[in-house]
Every structure is written in C-alpha cells, then in structure tokens.
Amino acid sequence: MELTGLNAYMVQVRELVDAKGFSSDEAQIWQMLALIHTEVSEAADAYKKGRSYDEVGTELADAIIRILHLCSALGVDIEALFQAKMAKNWQRPYRYNLVRGG
Ligand SMILES: [Mg+2]
C-alpha cells in the first residue's frame, strides 16, 4: 500500500487514535460505524440550527477522521479504493440511479 493521498491521512489518524488510547480492535468495528453516523448527524444538526458552515465542516471533518480510523482498522487501501470508485462513477451516465428526488 502506497502512503499517498487518503492512505497518508489514514496513517496520521491512526497515529492520533493510538496515541490517545482509542481501540482499533476488530471488536470495535460496529462502534466505529456508529460513531461515523453520529458525526454526520452532528453536521446535520449544526446545519439545521443555522450554525456557520465552518462548524458544519468541522463535524464533517470529524466524520472523515472516523472513517479513516475505521479504514485503518479494516486494513484497506482506501486511496486505491477511492480512486477506483471515482473512475467507476465517471463511467456512469448523467444523473445515474435517479428515479425520484434529486
Ligand atoms: Mg463532532
């Protein structure tokens, strides 16, 4: 795994959570998923309450940090997966999978 892009940030996050004593054990995967959700909910709440976009963005940064922590626990090459998914999405048609809404 190359330590570039998202992988480099993943390593930084893992160093932080390890230094701060948080578990990255596989038994914590469900908890990590739930905590990602809480940060997205905090962003929605901040937006709903009319807080600044920087405050909303800070909650989204929390979500990114928690996602990268989870990726480190899973041992995935998130940079490669991200790049592959972006390439796949570029191949999709305009407004793909949109039946209602949007
Ligand atoms: Mg937060």
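Any read-out appearing in this document is the output of simple, stated calculations on the displayed coordinates, not a laboratory observation. Fair warning: this is a prediction, and the values are worked out from it, not measured in the lab. For neighbour counting, all protein chains shown are included, and Cβ atoms are generated from backbone atoms with ideal geometry for every residue, glycine included.
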Are there any pairs, at least 6 apart or on different chains, whose C-beta atoms fall under 6 Å, with the first in region 17-38 and without any contact (Cβ under 8 Å) to a residue 40 or more places away in the chain and the second of a type outside the set (Val, Ile, Thr), and if so, which? LEU35/ARG66; ILE36/ALA63; ILE36/ARG66
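Which residue, of THR4, THR38, is on the phi < 0 side of the Ramachandran plot, surrounded by fewer than 12 Cβ atoms within 10 Å (Cβ to Cβ), polar (S, T, N, Q) and touching a helix residue (DSSP H, G or I) at 6+ places or on another chain (Cβ under 9 Å)?
Working: THR38 fails: surrounded by fewer than 12 Cβ atoms within 10 Å (Cβ to Cβ).
The conditions single out THR4.
In region 28-35, is there at least one residue being in contact with a His (Cβ under 7 Å, 6 or more places away or on another chain) and not acidic (Asp, Glu)? Give the steps one after another, and end with the answer.
The first filter runs over region 28-35 and keeps only residues in contact with a His (Cβ under 7 Å, 6 or more places away or on another chain), leaving 32.
When the remaining residues are screened for being not acidic (Asp, Glu), the result is 32.
Yes, there is a match, as at least one residue in region 28-35 is in contact with a His (Cβ under 7 Å, 6 or more places away or on another chain) and not acidic (Asp, Glu).
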Candidate set: region 60-102, residues that are away from the ligand (no atom under 16 Å from the Cβ), farther than 20 Å from MET1 by Cα and of a type in the set (Gly, Ala, Ser); chosen: the one surrounded by the fewest Cβ atoms within 10 Å (Cβ to Cβ): GLY101
In region 41-59, which residue that is crowded, with 16+ Cβ neighbours inside 10 Å and among the hydrophobic types (A, V, I, L, M, F, W, C) is farthest from the ligand (Cβ to nearest atom)? VAL56
